[in-house]
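Below is one structure, written out as structure tokens; comments come after it.
The values are calculated or read from the model by the stated rules, or taken from the named source; none is laboratory data. Owing to the predicted nature of the structure, the values given are computational and were not obtained by experimental measurement. Counting neighbours? That spans all protein chains shown, and the Cβs are built from the backbone with ideal geometry, glycine included.
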Amino acid sequence: MNADAINPAAWSELWANLAIFKDAIWAAGLAGALLGFIGVHVVLRRMVFASSAIAQAAALGVALSFWVPALIDPIGHAAGHAAGPTAHLLPSPLFEPVLWAIAASLLATLVFIANPVRLHLTRESMLGFVFLVSGAGAVIVGDKITQESHDLAAILFGSAVVVQTIDLYLVTAATVVLLGGHLFLWRALLFVGYDPMGARVQGMPVRALNGFLFVSVGLAVALCTRALGALPVFAFSVLPAMTALAFTSRIGWVFVLATLVGAFSGVAGYAVSFRAELPVGATQSATGAVLLTVALLWRFAVALRDRRRARNQPPSMSTGSTAVPAGSSAPTTSPASERASTASAPRTDAA
Amino acid sequence: MRTALGLARPITGTIERRPGLRLAYVPQQSALDAIFPISVLDYVLMGLQGLGNVTLLRRGAHLAAARRALAEAGAAAFERRQLRDLSGGQRQRVLMARALATDADLVCLDEPTNALDAASEQEILALIERLRSRRGAAVIMVTHLVEDGLERADRALLLDRDHGVALAAPSAAMRTAPEFQHIYGRFVGRHGHAE
């Protein structure tokens with residue numbers, strides 16, 4: 001940041017014009033909080049590219065919302081072009097791009113709900129499939145609607161400098177409903193993600209819970225992408241969770257911290273982009289990345305300190321388990337001896 | 001075992017389950033994902049989740065039951081530690097604690113003594129015995145400890161794809177079965193367990 005970037009007059013300018021920018025700041029903060037919370041499940045389940053693939057699906061949905069009306073009624077569509085941009089953009093509420101984006105996102109989540117193991121595939125490869133099909137589809141359909149290409153780009157990567165009121169309402173509603181649902185179900189979702197077989201055996205509704213998670217990811221990504229753009233949405237759904245996981249190992253605090261880091265990245269990123277005249281979405285993403293870098297450095301320093309402490313401690317004879325159940329003999333478990341035992345285990349099982 | 005638990009469809013026949021039957025499954029340690037920051041106490045609390053208690057919103061009300069199970073399994077000392085940071089023996093005791101907390105009628109264990117040293121093996125087998133004798137739970141266990149398994153089990157099922165063997169019998173009868181003798185006869189009785 002150069003010397004001009006810390007001129008306090010510019011910060012006061014942001015404050016003075018808060019009425020203009022407050023919708024965008026609110027949208028960024030709410031989207032960061034929502035995606036930060038949901039992102040913990042996404043990161044722990046190794047689905048970090050889910051939001052990216054869903055955003056691509058949303059892109060295809062938006063492109064189709066322009067192309068399908070032109071296909072159904074080419075004459076009316078051409079007349080709409082002649083009449084001006086507002087005349088042809090929304091020929092019917094059915095072709096509202098946000099609705100198509102949500103529909104395409106939810107359709108993409110169906111792929112994740114299906115169990116890819118039965119097809120001898122991983123979920124990661126299915127994410128790649130959705131990403132590529134959606135990306136290729138958006139480019140092909142986008143090529144057919146060159147006249148709306150600028151509108152398409154605006155909707156897909158919408159400039160967050162100013163957010164439409166309707167988009168703020170949608171993001172607010174999504175945050176209240178989806179975050180509320182996630183707060184209610186966070187332990188259930190954690191159990192199902194960590195030990196799906198154990199959860200099924202104990203009667204947990206695994207499929208319904210996974211369905212809720214994927215649908216909520218789809219809705220959150222589709223609505224937030226429309227308001228903020230694809231890049232910060234992907235960043236908010238990955239970086240805050242990674243930051244929280246680097247800072248703490250207490251799962252409850254991971255969710256709290258990820259929510260706060262997401263909200264902070266959105267608001268602080270917006271402020272920095274205003275002050276330094278940088279692209280909003282990229283600055284919000286970079287803010288999240290800086291926080292993650294700090295967390296990783298902190299983690300590295302803690303690990304280094306622990307290693308030094310361990311090296312300075314005198315060797316102890318007692319390793320492994322220390323607690324002994326009443327009436328049982330003293331255990332002498334150690335990871336090393338267990339590894340040795342593993343090596344001699346026979347292959348045949350008897351039940 | 002997966003078929004019995006309802007995790008896989010039977011190739012032929014049907015599985016009938018008594019209404020209200022409570023099941024617990026103890027996975028292999030290698031099935032646990034080390035990425036998840038799950039504390040020992042949180043893991044045991046998962047054993048108290050199920051169809052009637054999906055959300056576990058009133059966590060405090062279940063803490064006592066979870067701590068009782070941890071104490072019974074000899075794992076109370078590390079309830080605040082991360083499951084991923086424990087040694088294999090400690091971790092297996094925590095897995096057993098969750099099965100104890102579940103208070104299940106039928107507990108299925110997948111290689112509970114895998115990757116453990118001899119002392120830990122005996123501890124875990126004692127805990128399994130406690131599940132059966134004190135809690136009255138039926139136990140199905142996959143194990144490579146043939147001798148120990150036959151000593152403790154009422155019935156044994158021998159599955160060996162290599163030799164094309166599928167044999168179910170009372171444990172005492174299993175020892176003398178020709179199929180069993182063909183595979184394990186030269187190991188059992190000479191050493192502590194099959195090698």
With A:Met317, A:Met242 as the choices, which residue is more than 8 Å from chain B (Cβ to nearest Cβ) and modelled with pLDDT under 85? A:Met317
Any hit, segment B:137-150, residues being in contact with a Gly (Cβ under 6 Å, 6 or more places away or on another chain), under 23 Å from B:Leu95 (Cβ atoms) and crowded, with 20+ Cβ neighbours inside 10 Å: yes
What is the one condition in (1) of a type in the set (Val, Ile, Thr); (2) within 14 Å of chain B (Cβ to nearest Cβ); (3) within 23 Å of A:Ser52 (Cα to Cα) that A:Thr175 does not satisfy? (2)
Kindly list, by first and then second residue, each pair from a residue in segment B:87-111 that is more than 15 Å from B:Ile128 (Cβ to Cβ) to a residue that is aromatic (Phe, Trp, Tyr), limited to pairs with Cβ atoms under 9 Å and residues at least 6 apart or on different chains. B:Gln90/B:Phe78
Could you grab me the full set of residues in segment B:154-173 that are closer than 20 Å to B:Val139 by Cβ and of a type outside the set (Gly, Ala, Ser)? B:Asp154, B:Arg155, B:Leu157, B:Leu158, B:Leu159, B:Leu167, B:Pro170
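Yes/no matrix, rows are residues, columns are (1) among the small types (Gly, Ala, Ser); (2) modelled with pLDDT of 95 or more:
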{"site": "A:Ser265", "(1), (2)": "yes, yes"}
{"site": "A:Ala276", "(1), (2)": "yes, no"}
{"site": "A:Val280", "(1), (2)": "no, no"}
{"site": "A:Arg309", "(1), (2)": "no, no"}
{"site": "A:Gln313", "(1), (2)": "no, no"}
Of the numbered conditions (1) among the hydroxyl-bearing types (Ser, Thr, Tyr); (2) modelled with pLDDT of 75 or more; (3) surrounded by fewer than 20 Cβ atoms within 10 Å (Cβ to Cβ), A:Ser134 satisfies every one except a single condition; which is it? (3)
Can you name the residue in segment B:178-195 that is away from chain A (no Cβ under 12 Å) and either at pLDDT below 60 or assigned to a loop (DSSP other than H, G, I, E, B) (or both) and is also nearest to B:Asp160 (Cα to Cα) among such residues? B:Gly185
Only one of (1) buried (at least 20 other Cβ atoms within 10 Å of the Cβ); (2) modelled with pLDDT under 95 does not apply to B:Val40, and that is (2)
A:Gly203 - would you say it is buried (at least 24 other Cβ atoms within 10 Å of the Cβ) and at positive phi? no
Of everything in segment B:25-71, what is within 7 Å of chain A (Cβ to nearest Cβ) and either part of a helix (DSSP H, G or I) or over 25 Å from A:Leu183 (Cβ atoms) (or both)? Give them in sequence order. B:Tyr25, B:Pro27, B:Asp42, B:Met46
Select the strands (runs of 3 or more DSSP E) contained entirely in segment B:81-173, then report the ones holding at least 1 residues which are within 8 Å of another protein chain (Cβ to nearest Cβ). B:106-110, B:138-142, B:155-160
Scanning segment B:171-180 for residues that are of a type outside the set (A, V, I, L, M) and surrounded by 12 or more Cβ atoms within 10 Å (Cβ to Cβ), which turns out farthest from the chain's Cα centre (by Cα)? B:Glu179
Yes or no: segment A:29-40 includes at least one residue that is under 32 Å from the mean Cα position of the chain (by Cα), surrounded by 13 or more Cβ atoms within 10 Å (Cβ to Cβ), at pLDDT below 90 and not in a loop (DSSP other than H, G, I, E, B). no
